[in-house]
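Undergrad: One structure, pasted below without further comment.
The values are calculated or read from the model by the stated rules, or taken from the named source; none is laboratory data. From a predicted model like this one, the values you see are computed outputs, not experimental measurements. Glycine gets a Cβ as well: all are built from the backbone with ideal geometry, and neighbour counts include every protein chain shown.
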Amino acid sequence: MAQFEQFADPAGASCPRADGAVADVGTVIERMRTYRSHWPPGDGVAVFNQVYLTVTEAVGGRIQGGSFPDRDTVSALDVRFAEHYLGAVDTAAAGGRPPACWRPLFQFRRHPGVRPLQFALAGINAHIGHDLAVAVVDTCRTLGCAPADLEEEFDRVGDLLVMLEEQIREELMPGPDLLEVADPLTHLAGSWSLERAREASWSAARMLWRLRGVPLLAEEFRARTDAGIGLVGRILLTPCR
């Protein structure tokens, strides 16, 4: 039950926490830039970190530019969301076991047969499939609202993620000179959809919120979701050469 209770009563969005805690979107960006400076470019976690950094910089720029009507709510959701990734990195760096959804990426981060696009999708799968649902609940508890009150912000951020995912696929897909890799990679990458993952995450968030008064059931549901997303991540990291 520890995983769900860990986020069951978070502090305000501007207050630090012990597990990958950050104060605001700017702090998230700085943490990921620090990671980037410490990891070699070919490292699988570094590949996802760069993708996530690009997304977070885009979200931060739109928050500052006034693209989101409720910038405080979007900021709170973005920070709570990021804390799960940052916490997974810190746990792995300390020799601990990150959540099941993240383990394949950390285990295969240096596998020579896994392509950069696979690392990126495996990280997105873990973060969207599991972390986003828990982050919605975290944010609701922080702001004293229900998931329905976050749906507009959730959709706006999700639309940006879908747009960036298309760009990521184009940039990381091998070129014509690597067709022997691109054929199985195209099949593997095409079997996963960010849009479907986002829809499932929203449903999971609503279920976790409904189960918040029954912590044992909430944790069981979260743990099973975590394990299932981890299995998908392992499949996405199937070596293609």
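Undergrad: Take region 88-104 and flag every residue that is surrounded by fewer than 24 Cβ atoms within 10 Å (Cβ to Cβ) and either closer than 23 Å to residue 162 by Cβ or among the acidic types (Asp, Glu) (or both).
TA: We begin by selecting, within region 88-104, every residue surrounded by fewer than 24 Cβ atoms within 10 Å (Cβ to Cβ); these are 89-100, 103.
Across region 88-104, the qualifying residue is only 90.
Undergrad: Find the residue count for region 136-165, including only residues that are under 10 Å from residue 209 (Cα atoms) and in a helix (DSSP H, G or I).
TA: Quick first cut of region 136-165, residues under 10 Å from residue 209 (Cα atoms) only: 136-138, 140-141, 146-147.
From the residues that got through so far, the ones that are in a helix (DSSP H, G or I) too are 136-138, 140-141, 147.
Total meeting the criteria: 6.
Undergrad: Check whether at least one residue in region 172-183 is more than 23 Å from residue 104 (Cβ to Cβ), more than 21 Å from the chain's Cα centre (by Cα) and at pLDDT 95 or above, and report yes or no.
TA: No, region 172-183 contains no residue that is more than 23 Å from residue 104 (Cβ to Cβ), more than 21 Å from the chain's Cα centre (by Cα) and at pLDDT 95 or above.
Undergrad: Is it true that residue 206 is crowded, with 16+ Cβ neighbours inside 10 Å and either polar (S, T, N, Q) or modelled with pLDDT of 75 or more (or both)? It would help to see each step written out before you state the result.
TA: Details: crowded, with 16+ Cβ neighbours inside 10 Å: yes; either polar (S, T, N, Q) or modelled with pLDDT of 75 or more (or both): yes.
So residue 206 passes the test.
Undergrad: (1) assigned to a loop (DSSP other than H, G, I, E, B); (2) touching a residue at least 12 places away in the same chain (Cβ under 8 Å): which one isn't true of residue 90, the others all being true?
TA: (1)
Undergrad: Looking at region 23-53, which of its residues are surrounded by 21 or more Cβ atoms within 10 Å (Cβ to Cβ) and farther than 22 Å from residue 121 by Cα?
TA: Residue satisfying the conditions is 25 alone.
Undergrad: Please tell me if residue 121 is in contact with a Leu (Cβ under 8 Å, 6 or more places away or on another chain), closer than 17 Å to residue 239 by Cβ, at pLDDT below 95 and crowded, with 24+ Cβ neighbours inside 10 Å. It would help to see each step written out before you state the result.
TA: Numbers: in contact with a Leu (Cβ under 8 Å, 6 or more places away or on another chain): yes; closer than 17 Å to residue 239 by Cβ: yes; at pLDDT below 95: yes; crowded, with 24+ Cβ neighbours inside 10 Å: yes.
Here the answer is yes, as residue 121 does meet what is asked.
Undergrad: Residues in region 76-84: is at least one part of a loop (DSSP other than H, G, I, E, B) and modelled with pLDDT of 95 or more?
TA: So in region 76-84, the residues part of a loop (DSSP other than H, G, I, E, B) come out as none.
No: zero hits.
Undergrad: I would also like to ask the following. Could you please let me know if residue 110 is closer than 20 Å to residue 232 by Cβ, outside any helix (DSSP H, G or I) and charged (D, E, K, R)?
TA: Taking the combined requirement at face value, the residue does not satisfy it.
Undergrad: When you go through (1) surrounded by fewer than 24 Cβ atoms within 10 Å (Cβ to Cβ); (2) more than 26 Å from residue 70 (Cβ to Cβ); (3) of a type in the set (D, E, K, R) one by one for residue 115, which number turns out not to apply?
TA: (1)
Undergrad: For region 65-87, state whether one or more residues are crowded, with 17+ Cβ neighbours inside 10 Å and out of contact with any helix residue (DSSP H, G or I) (no Cβ under 8 Å at 6 or more places or on another chain).
TA: yes
Undergrad: Then there is this: Please work out if residue 68 is over 16 Å from the mean Cα position of the chain (by Cα), closer than 20 Å to residue 238 by Cα and in contact (Cβ under 8 Å) with a residue 24 or more places away in the chain.
TA: no
Undergrad: Output the qualifying pairs, or none if there are none: Cβ atoms under 8 angstrom, residues six or more apart or on different chains, first residue in region 212-236 and farther than 25 Å from residue 45 by Cβ, second residue buried (at least 21 other Cβ atoms within 10 Å of the Cβ) and modelled with pLDDT of 95 or more.
TA: 212/137; 212/218; 218/208; 221/204; 221/208
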